[in-house]
Amino acid sequence: MVVGFYLYGIFADEIPDKIVLEGIDNEPVHCEVIEGFSFLYSVAHKEKYLASRRYLICHEKVLETVMEAGFRTLLPLRFGLVVKTWEAVTEQLINPYKNQLKELFAKLSGKREVSIKIFWDNQSELQAALESNPELKQQRDAMMGKNLTMEEIIHIGQLIEGTVFQRKQDIIQVFRDQLNHCAQEVVESDPMTDDMIYNAAYLIPWEQEPEFSQNVEAIDQQFGDRLRIRYNNLTAPYTFAQLM
């Protein structure tokens, strides 16, 4: 049963039918142009879709395939957006936000979002922090096996935490120094896991991605096995396409 339309994103240009796409529920993906805005959609069989891995990957794949085909200026829509009619799209999205949508298209034209996530080994870094500070290590070792007061536990914990935190900030500053100047905008987000120390997205000119990638590779070589860097060079610009 068809209950409406599942929306993937809004493009600045009409997407031709020759780009064959398979969307959610294995439905073919089409393009609907409304007042100059091209909506990528497929028919929806549910009013609400759960954010399963299969559905999320499908949603992202549709957008990435169209981007790879050369249609690079888009406003990605959040996963699971289902509308019943195109009239609802006009009334709830286009009419109240038309100017903002146009401004976002202008901002994103010729740009792409890339992102990095940096991981380290917490235990290794803790040990390295102590080895780099013999006085702190000696103080910590002297406390081992003793009955400590709560104040002593808090004090040594804060000293160690501060040392590890500074090591983390030193690493992050290298990425900022080497990458931020390449980007039109940078958004830093909270780490997603305990071993992730940095999570950032960059809006860069499309043709400058190879240079940006080389900079990331140079930093990776600088730190060697100490870090794991996850670099995504092709993603829909969710971070920089936010309606205010």
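Contour minus end-to-end for W86 and H45, with contour as 0.36 nm per residue of separation and end-to-end as the Cα-Cα distance?
Here the segment from W86 to H45 would lengthen by 13.1 nm.
Starting from the 7 Å offset along Cα-to-Cβ, what nm value, one decimal, do you get for the label separation of I229 and V20?
Result: 3.9 nm between the two label points.
Let me know the longest stretch in the chain that avoids all GluC sites (Glu not before Pro) found in a DSSP loop with at most 10 other C-beta atoms within 10 Å.
Longest gap between qualifying sites, sites excluded: 48-244.
First measure r as the distance between the Cβ atoms of Q173 and M196, then evaluate 1/(1 + (r/R0)^6) with R0 = 22 Å and state the FRET efficiency to the nearest 0.05.
Approximately 0.85, to the nearest 0.05.
What does the charge count around I171 come to, taking other residues whose C-beta lies under 14 Å from its C-beta (Lys +1, Arg +1, Asp -1, Glu -1)?
Cβ neighbours under 14 Å give a net charge of -2.
Going 7 Å from the Cα of E209 toward and past its Cβ, which residues in region 48-76 have a backbone nitrogen under 20 Å from where you end up?
Within reach of a label on E209: 57-76.
Identify the trypsin sites (Lys or Arg not before Pro) of region 1-60 meeting these criteria: DSSP loop state and at most 15 other C-beta atoms within 10 Å of the C-beta.
Loop-located and lightly packed - K18, K46, K48.
On full extension of the chain, what length is gained from V2 through S189, given 0.36 nm per residue of separation minus the C-alpha to C-alpha distance?
63.6 nm
Amide H to amide H under 5 Å from L77: which residues, 5+ apart in sequence or cross-chain, H placed 1.01 Å off N in plane?
The answer is G9, I10.
Hey, for a label at S124 modelled as a point 7 Å past Cα toward Cβ, could you say which residues of region 213-244 have their backbone N under 12 Å away?
So the set is 223-229.
Only helical DSSP H runs with n ≥ 4 go in: add -39500 (n - 2.57) per run for the chain, normalise by residue count and round the 222 nm mean residue ellipticity to 500 deg cm²/dmol.
Value at 222 nm, helices only, nearest 500: -13000 deg cm²/dmol.
What percent does the relative contact order of the chain come to when contacts are Cα pairs within less than 8 Å and at least six residues apart?
23 percent
In debye, nearest 20: dipole of the chain around its Cα centre with unit charges on the Cβ of K, R (+) and D, E (-)?
The calculation lands at about 320 debye.
So if each residue of separation counts as 0.36 nm, and I subtract the Cα-Cα distance between L159 and S132, what length gain in nm does that give?
8.4 nm
Which part of region 194-208 falls in the paramagnetic zone of H181, meaning amide N under 20 Å from the point 7 Å along Cα-to-beta-carbon?
201-208
Just the ratio, please: alpha-carbon radius of gyration of region 4-109 over 2.2 N^0.38 Å, N its number of residues.
It is 1.01.
FYI, it's all coordinate maths here, none of it is from the lab. Model, not experiment: these values are computed from the prediction. Cβ sites come from the backbone with ideal geometry, for glycine too, and all protein chains shown count toward neighbours.
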